[in-house]
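Enquirer: The structure is given below, and queries will be raised subsequently.
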Amino acid sequence: MESQHENMRLAEYRLRIVYYLRCSVACPFVKILSGLAPCSVPNQNAVPFSKETHPFHVRHFTPEQITEDLRQNSFGKIEIYYQYVNEDFNIDKSNIEGEDIIIIAEAI
């Protein structure tokens with residue numbers, strides 16, 4: 001069961017995502033161009049979250065979680081891709097085992 005402190009951190013993290021996605025603010029992972037919001041998040045299904053291995057992360061997402069968060073925050077058309085951390089950093093739309101989820105979402 002999550003503690004109240006962890007719930008507060010997750011809420012703050014979600015607010016930051018919404019802020020970055022709704023504003024034309026450049027950050028290392030998100031920049032809105034013409035109503036499109038490209039972003040990248042770690043794939044919980046392939047790389048389970050752990051504070052020991054990812055000390056600077058707040059959480060990782062499943063494709064379903066990030067899609068739902070975006071839909072709840074006024075994003076409609078959502079395209080999901082998966083990136084593999086290998087020598088080529090391959091990107092694939094169909095295989096869900098990629099270490100990162102790359103999202104291109106369109107504001108409604």
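Enquirer: Give the ranking of Lys51, Lys93 by solvent-accessible surface, highest area first, calculated with a 1.4 Å probe.
Expert: From most accessible down to least: Lys93, Lys51.
Enquirer: From the square roots a ≥ b ≥ c of the eigenvalues of the alpha-carbon gyration tensor of segment 54-106, which class results: rounded (a/c under 1.5), prolate (a/b over b/c), or oblate?
Expert: oblate
Enquirer: Averaged per residue, what accessible area in Å² does segment 34-88 show with a 1.4 Å probe, protein chains only?
Expert: 56 Å²
The values are calculated or read from the model by the stated rules, or taken from the named source; none is laboratory data. Model, not experiment: these values are computed from the prediction. Note: accessible area is taken over every heavy atom of the protein model, side chains too, but ligands, DNA and RNA are not part of it. Shrake-Rupley method; radii C 1.70, N 1.55, O 1.52, S 1.80 Å.
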